[in-house]
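Data block below; observations after.
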Amino acid sequence: MGAARPLALLLLLLLAQGLLCAAATRFQDVLNHGSTSPVTSYKKLQGWSSDQNKWDEKLYPFWEDGDPRWKDCWKGGRVTAKLDSDSPALVGSNVSFVVTLQFPKCQTEDNDGNIVYRSNCTRDPPASMDQQVYVYNWTEWTDSCGWENCASNHSHNVFPDGHPFPHHPGWRRRNFVYVFHTFGQYYETTGRSSAKFSVNTANITLGEHGMAVSIYRRGHSGFVPVARAKTTYFVTDKIPVIVSMFQKHDRNISDSIFIKDSPITFDVKIHDPSYYLNNSAISYKWNFGDGSGLFVASGSSTSHTYTLQGNFTLNLTVQAIIPVPCRPVTPTAPPPTSAVTTGPSSDSDSSPTVESVEDNPDGGCHIYRNGYYGSSIDVVEGILEVNIIQMTSIQMTESQAENSLVDFVVTCQGSLPTDVCTVVSDPTCQVSKSMVCDPIVVTDECLLTIRRAFEEPGTYCINITLGDDTSQALASALISVNGGASSGTTEGVFIFLGLLAVFATIGAFVLYKRYKQYKPIERSAEQTQKQEGFTAYFSTFKAIFFPNSTERNPLLKSKPGIV
């Protein structure tokens with residue numbers, strides 16, 4: 001009986017210790033934020049720790065959502081956090097995260113890391129208003145000690161897992177602790193009102209994953225939770241590709257409607273914020289869908305002209321040859337018969353993507369990654385060109401002399417326009433003075449007259465734009481406009497000179513008829529034959545260069561309507 005009692009006590013102690021261990025808070029319990037599918041198998045991320053480690057809840061308390069202590073943890077209101085990433089990330093590259101604290105109204109962080117709170121501030125306070133200022137100064141206890149002297153202060157120098165803070169040069173200004181959690185692992189760091197870090201995706205399975213962060217601030221005897229945030233990020237084995245398309249006369253570049261017989265510029269943007277593909281050989285394979293065949297380019301920009309109307313499917317394949325370290329050769333494996341070896345990833349959770357590693361001529365190895373882009377393109381008729389073929393000043397009466405009117409005769413190529421806009425600018429075409437837009441109806445051919453008024457004499461830059469639902473084109477010209485009075489004076493001078501020339505011609509003709517002496521002309525048969533030959537030759541020359549029914553420009557046969 002005596003020996004059984006100590007044994008029973010020992011068993012009870014061991015059982016109590018086991019219950020205590022089982023009840024210990026882990027990182028997974030604090031950081032999952034209600035996640036229903038924790039990761040049970042994963043590859044180790046460099047610099048990260050397993051979320052099965054113990055969390056010091058006494059030093060870093062954990063509050064559930066809805067806990068009333070959240071309302072009192074920060075003076076002046078609630079602090080929120082915004083967590084962003086630069087995903088999608090190509091597997092093997094780095095994905096970066098940025099978390100930013102957003103303080104309540106009237107609170108800002110100063111250069112020393114303190115939060116300055118102006119309790120009586122308004123949105124637009126007067127410059128002379130005196131405001132009560134409250135300063136969160138959590139580093140007062142460090143003012144009289146250096147890093148070595150303060151290192152023994154356990155409550156202000158360790159993370160939730162007990163690891164000491166890193167000795168940063170500005171450690172006194174780092175009043176916040178950030179704990180990130182993803183893929184069954186956590187990462188700890190200190191910082192100010194924002195923090196940024198990157199993680200390599202080589203050991204992260206393909207697909208969508210969640211990233212969570214918990215933020216704590218310094219307290220007198222520990223740390224106080226202030227905010228939480230989470231976001232999703234994507235890891236893919238396809239190169240993220242974006243294609244922007246531009247066409248000179250396209251009216252709306254976002255509607256995927258383009259103009260026939262006008263080149264389209266395609267600009268490829270590869271999403272690679274960590275510059276993982278910087279040393280890769282990248283090629284671009286285009287299929288424009290109009291039967292023009294496959295086009296391979298080494299540059300990220302190209303152009304193509306569709307000569308037919310209709311709907312076409314654009315397809316782009318981007319291929320990158322990425323240099324990587326060669327895999328170690330297994331001694332028991334048979335000697336390779338070719339330069340290519342393939343094998344699936346050893347991670348049981350990874351996708352069934354097969355990655356090939358090939359020998360490079362320079363002795364290294366490389367892998368292939370592809371990216372794909374597809375789009376549907378509509379090609380329609382559009383306005384391709386606008387020309388100003390004539391500019392005419394309009395004569396005005398003295399009562400209208402304050403304005404100068406000019407008619408612009410405009411033609412275009414392509415489809416018929418539905419609206420016209422005229423922009424009057426300074427001679428450099430940089431500073432706009434006025435703009436007038438009008439709807440127009442053109443039913444036969446692209447020919448119209450646009451009348452515009454100019455209040456002051458001077459030199460102007462004129463931009464005339466014709467447009468329809470999908471396209472627009474413009475023509476520009478410099479014009480010198482005279483005032484009404486000066487125009488009338490100049491016109492009178494030209495009329496006087498013209499009448500004087502007419503009278504001089506008539507007088508010369510009368511004098512010639514009066515004083516000329518006529519003599520009979522006698523021609524021999526030989527002279528007559530030569531004269532008739534010369535007359536026939538001259539008639540042929542006249543018929544060629546001066547036909548009787550010479551047709552002028554058909555666009556100007558009838559005066560177009562004035563806009």
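In the assembled protein chains, I394 presents an accessible area of approximately 50 Å² (probe radius 1.4 Å). Net charge of the neighbourhood of G162, taken over other residues with C-beta under 11 Å away and scored Lys/Arg +1, Asp/Glu -1, is -2. Distance between the 7 Å Cα→Cβ label points at T418 and K105: 4.7 nm.
Extension gain for I389-D56 works out to 111.5 nm (0.36 nm per residue, less the C-alpha to C-alpha distance).
A 1.4 Å probe run over the stretch 429-476, with the rest of the protein chains in place, finds 56 Å² accessible per residue.
Our coupling estimate for the stretch 245-255, obtained by passing each phi through the Karplus curve with A = 6.51, B = -1.76, C = 1.60 and θ = phi - 60°, is 10, 9, 9, 4, 9, 6, 7, 9, 6, 9, 9 Hz, Gly and Pro reported as x. Applying a threshold of 29 Å to the alpha-carbon distances of K54/K82; K260/K285; K196/K248 flags K196/K248 as lying beyond it. Near the amide H of G382, within less than 5 Å, lie the amide hydrogens of K260, S415, all on another chain or at least 5 residues away, with H placed in the peptide plane. Each other residue within a Cβ distance under 13 Å of H304 adds +1 if Lys or Arg and -1 if Asp or Glu, for a net charge of -2.
When the surface is traced with a 1.4 Å probe over the full set of protein chains, R228 keeps roughly 60 Å² accessible. D468 sits among other residues whose Cβ lies under 11 Å from its own Cβ, and their net charge, with Lys and Arg +1 and Asp and Glu -1, is -2. In the assembled protein chains, E57 presents an accessible area of approximately 70 Å² (probe radius 1.4 Å). Reducing the stretch 250-302 and the stretch 52-68 to their Cα centroids gives an inter-centroid distance of 51 Å. Taking each residue as 0.36 nm, the span from K230 to I253 lengthens on full extension beyond its C-alpha to C-alpha distance by 4.8 nm.
Computed from label points 7 Å out along Cα-Cβ, the spacing between N157 and Q46 is 3.0 nm.
The values are calculated or read from the model by the stated rules, or taken from the named source; none is laboratory data. What you are looking at is a predicted structure, and each value in this text was computed from that prediction instead of being measured. Don't worry about glycine lacking a Cβ; one is built from the backbone with ideal geometry, like all the others, and counts go over all protein chains shown. We work out accessible area using only protein heavy atoms, side chains counted, and drop any ligands, DNA or RNA first. Shrake-Rupley method; radii C 1.70, N 1.55, O 1.52, S 1.80 Å.
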